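The structure appears right after this line, and notes come after that.
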Amino acid sequence: MTSKALNTKVALVAGATRGAGRQIAVQLGAAGATVYATGRSSRTAGPSEVNRPETIEETAELVTAAGGTGIPVRVDHLDPDQVRDLVARIDAEQGRLDVLVNDIWGADALTAWYKPVWEHPLDDGLRTLRLGVDTHLITSHFALRLLIRHPGGLVVEVGDGTTEYNAANYRLSAYYDLVKTAVNRLAFAQARELAPHGCTAVAVTPGWMRSEAMLEHYGVTEENWRDATAKEPHFVVAESPAFVGRAVAALAADPDRARWNGRSTSSGELAQVYGFTDLDGSRPDAWRYIVEVQDTDGPADATGYR
């Protein structure tokens, strides 16, 4: 991928305030794309219910600094009118949409980890489904009408876990499990609907990601993140959010991206195919590590996995 492989492309990263969404937007920008970065946390309106300091304006500035054009738009993707207006704006300003990334989430605080469905707070569980599934459907409903105008469009559904892994493993709670399974299935379904228009849908999962919240949880920074392995040894395979960002940028720049249509893949797998690395020059393959080491109670050792 050349540094300006996407300089004629327009992308919408829905859920770009922080974490994977932020760095997907940045890495698309680094490849030259115009990126609409959306979310609920902004400098003008304050934080969303996630209650963190990151904003969409910061993300857009990082996109521009990386070499693209970042455009922040405050959007609640549960509100159809707001999403409709967003897509109308992109159409009016750009006349096209080449990449849609559905990365909306924001429900970690609502998940009661390992609580059975009868003990999990019902309102929080149902809100999780709204935030993690309904937002993606609402966004696709409006945005795909613009994306299919030109063959070659790409939709990326960002989740947690590949289809293969999620089908065989309980994912933390019934609600979380449903969301992360549904996101992958949505990519599969959209792939069938987009194929006649020459467009592609793919489900992409990062590995154990060093998001802003995760670094804060372990009391480390991106510079000394390995210190967190004292608390959680398997964090040795962690990847920066830039890694999945580079994965999505590589997909978007691939003229043969249709070979991935309907598939579920990971940042680690895509790195092996496209040859990009994480910020430290490594290629962490977290999901292979999780299956072969972590889930078998093996000793934490990323040798051969990054």
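Here the spin labels are modelled as points 7 Å beyond Cα on the Cα-Cβ line, and at ARG96 and GLN272 they lie 3.4 nm apart. For LEU279 and GLU61, a Förster radius of 25 Å and the Cβ-Cβ distance give a FRET efficiency of 0.85, rounded to the nearest 0.05. Computed log10 I(q)/I(0) for the range 100-144 at 0.28, 0.34 Å⁻¹: -0.95, -1.19, from the Debye equation with unit scatterers placed on every C-alpha and solvent omitted. Loop-located trypsin sites (Lys or Arg not before Pro) in the range 1-66 (DSSP state other than H, G, I, E, B) with a sparse environment of at most 15 neighbouring Cβ atoms within 10 Å: LYS4, ARG43. Each residue in TYR176, TYR305 was given a count of other beta-carbon atoms within 10 angstrom of its own, and listing them fewest first yields TYR305, TYR176. Rounded is the label for the chain, because the ratio a/c of its alpha-carbon gyration tensor axes (a ≥ b ≥ c) stays below 1.5. Per residue, the average separation of C-alpha pairs within less than 8 Å and at least 6 apart gives the chain a relative contact order of 17 percent. Loop-located chymotrypsin sites (Phe, Trp or Tyr not before Pro) in the range 99-158 (DSSP state other than H, G, I, E, B) with a sparse environment of at most 12 neighbouring Cβ atoms within 10 Å: TRP113, TYR114, TRP118.
In this structure, ASP85 and VAL291 have a Cβ-Cβ separation that, at R0 = 30 Å, corresponds to a calculated FRET efficiency of about 0.10.
Given a cut-off of 26 Å, what percent of all Cα-Cα pairs of the range 167-306 lie beyond it?
29
Our coupling estimate for the range 237-247, obtained by passing each phi through the Karplus curve with A = 6.51, B = -1.76, C = 1.60 and θ = phi - 60°, is 9, 4, 10, 6, x, 5, 5, 5, x, 5, 4 Hz, Gly and Pro reported as x. Here the Karplus curve 6.51 cos²θ - 1.76 cosθ + 1.60, taken at θ = phi - 60°, turns the phi angles of the range 291-306 into couplings of 5, 8, 10, 5, 6, 9, 6, x, x, 5, 6, 8, 4, x, 10, 8 Hz, with x standing for Gly and Pro. Taken along the Cα-to-beta-carbon direction at a fixed 7 Å, the label points for ASN224 and LEU122 span 4.7 nm.
Neighbour counting of Cβ atoms within 10 Å sorts the residues PHE243, PHE235, fewest neighbours leading, into PHE235, PHE243. The GluC sites (Glu not before Pro) of the range 208-283 that DSSP puts in a loop, and whose beta carbon has at most 14 other beta carbons within 10 Å, are GLU222, GLU223. Shown in residue order for the range 37-50 are the 3J(HN,Hα) couplings computed by the Karplus curve 6.51 cos²θ - 1.76 cosθ + 1.60 at θ = phi - 60°: 9, 10, x, 9, 8, 9, 5, 7, 9, x, x, 7, 5, 5 Hz (x for Gly and Pro). Remark on CYS199: its backbone amide H falls under 5 Å from those of GLY152, a criterion applied only to residues 5 or more positions apart or on other chains, H modelled at 1.01 Å from N.
Here HIS141, HIS136 are placed in order of increasing Cβ neighbour count within 10 Å, fewest first, which gives HIS141, HIS136.
Since every read-out is calculated from the coordinates, none of them should be taken as a lab result. Keep in mind that this is a model prediction, so the values were computed, not measured. Here the Cβ is made from the backbone with ideal geometry for all residues, glycine too, and neighbour counts use every protein chain on show.
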